[in-house]
1. Given Cα pairs under 8 Å that are at least 6 residues apart, what percent is the relative contact order of the chain?
2. Between D353 and A325, how high is the FRET efficiency from 1/(1 + (r/R0)^6) when r is the Cβ-Cβ distance and R₀ = 41 Å? Nearest 0.05.
3. Between A98, A340, A265, which gets the highest mean-square fluctuation from a Gaussian network model of the chain, Cα cutoff 10 Å?
4. Tell me, what % of the accessible area of segment 77-206 is carbon and sulfur with a 1.4 angstrom probe?
5. When all C-alpha to C-alpha distances in segment 273-322 are sorted into bins of 10 Å, what percent of pairs does each bin hold, rounded to whole numbers?
6. For the chain, set up a Gaussian network in which alpha carbons nearer than 10 Å are linked by springs, and say which option among N269, N125, N342 fluctuates the most.
7. Of the options L274, N165, N243, report the single residue whose Cα projects farthest towards the positive end of the charge dipole of segment 127-274 (beta-carbon charges: Lys, Arg +1; Asp, Glu -1).
8. Place +1 on the Cβ of every Lys and Arg and -1 on the Cβ of every Asp and Glu in the chain, take the dipole about the Cα centre, and give the residue among W129, I360, L150 whose Cα lies farthest towards its positive end.
Amino acid sequence: MNANATMKLCESDAVDKDCTIYHGDCIEALQALPARSVDLVFADPPYNLQLKQQLYRPNQTKVDGVDDEWDQFASFAEYDRFTERWLSACRRVMTDTATLWVIGSYHNIFRVGAVMLNLGFWILNDVQWHKTNPMPNFRGVRFTNATETLIWAKKSQDQKKYTFNHQTMKQLNGGKQMTSVWQIPLCTGNERIKDETGKKAHSTQKPEELLKRIILSSSSEGDVVLDPFLGSGTTCAVAKKLNRKSIGIEKERKYVKVAEKRIAAIDSNLFGHLRIAEPQKKSARRISMAQLVKADYIRESQAIYSKNGKHTATVLKDGTVQSDAGTGSIHKIAATMKGADNCNGWMYWYYEDGEERKLIDNLRQNYRAQNGIR
């Protein structure tokens, strides 16, 4: 199929103001997009499974595996060249705060990861998708393949900012920090899209829960999410439900039609319950040692101590402290004591309250509470 001839904006009800689907070769389509225009990329590229023979169950029924033409490459070298080209094209359209997720199996993910590093991407996490209902190894000659690997990366090691909604993911995980192992079942049942004959419309359709976690963790409402291998449209469908803009690119016309129909059927107003906003961080008003001394929460000439009592300092009238290491702020003197570049003095120094030693940060919090300061 000639990509230059076939790549076009798919005009249909599925393409609304927040969702654009391109039909054609992903590398050609990516070159047509503006640089630094995408906030998040999710890529589910061909796995290059290199199947050598048909698979059969013990009852001799054939396993409907992935034998599509789009997953076949003449050699590993050809696959590596393809990987380098699409990754480079994605990197160009990513904003300077964007991140990229790539999913793969043991057949390809290590090759993809090596190319990513060679291009300058910096890996943040590898996430294991643990399938709770994996297909067994019917021949009994290997372990059951129950995982796929997702690589999450920023554009470069020097990239300072990127979106990670830590608190949102904690909420999804019952209040506990989410780990890099995600237990999610394969896409089955009503979620699995079928064609007119009742067969699965796409051989590697991913579950929406997987994309939900990726999009909620790594983007904000209104951001642009890109999928260069759209397939049956899962990324754009979930993005629409989560109030994100999306761009999908798909080479196979039959999958474009599936994605169009799927996205057109979504009423985003029905999915507000899925949108978990990252709590806004409130910057607490700064309280200084000088304020605590002036308000008599801590006295001039009072001694303060390191946790083990090895180091001591004396509080001065202006809120600085004096010790054998010199005179300065609670942070500077604590850092000198530790031989470190910096240190949070509020969490280093203790004061005596009767026979008990308590962190001086307690005094700061008491001052806030009693003066109505947040």
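The values are calculated or read from the model by the stated rules, or taken from the named source; none is laboratory data. If you're wondering where the values come from, they're calculated on a predicted model, not measured in any experiment. When we count neighbours, we look across all protein chains shown, and the Cβ atoms used for this are built from the backbone with ideal geometry, even at glycine. Keep in mind that these areas ignore ligands, DNA and RNA; they rest on the heavy atoms of the full protein, side chains included. Shrake-Rupley method; radii C 1.70, N 1.55, O 1.52, S 1.80 Å.
1. Details: 658 pairs, mean separation 56.9, N = 374.
Once divided by the residue count of the chain, the mean separation gives 15 percent.
2. Values: r = 25 Å, r/R0 = 0.60.
So the FRET efficiency works out to roughly 0.95.
3. Evaluated over the chain, the most mobile residue of the options is A340.
4. Values: 3510 of 7170 Å².
Taking all protein chains in place, segment 77-206 shows 49 percent carbon and sulfur surface.
5. Going from the shortest bin to the longest, the percentages are 22, 31, 20, 12, 10, 4.
6. Between N269, N125, N342, it is N342 that shows the largest mean-square fluctuation.
7. So the residue furthest toward the plus end is N165.
8. Going by the charge dipole, the pick is I360.
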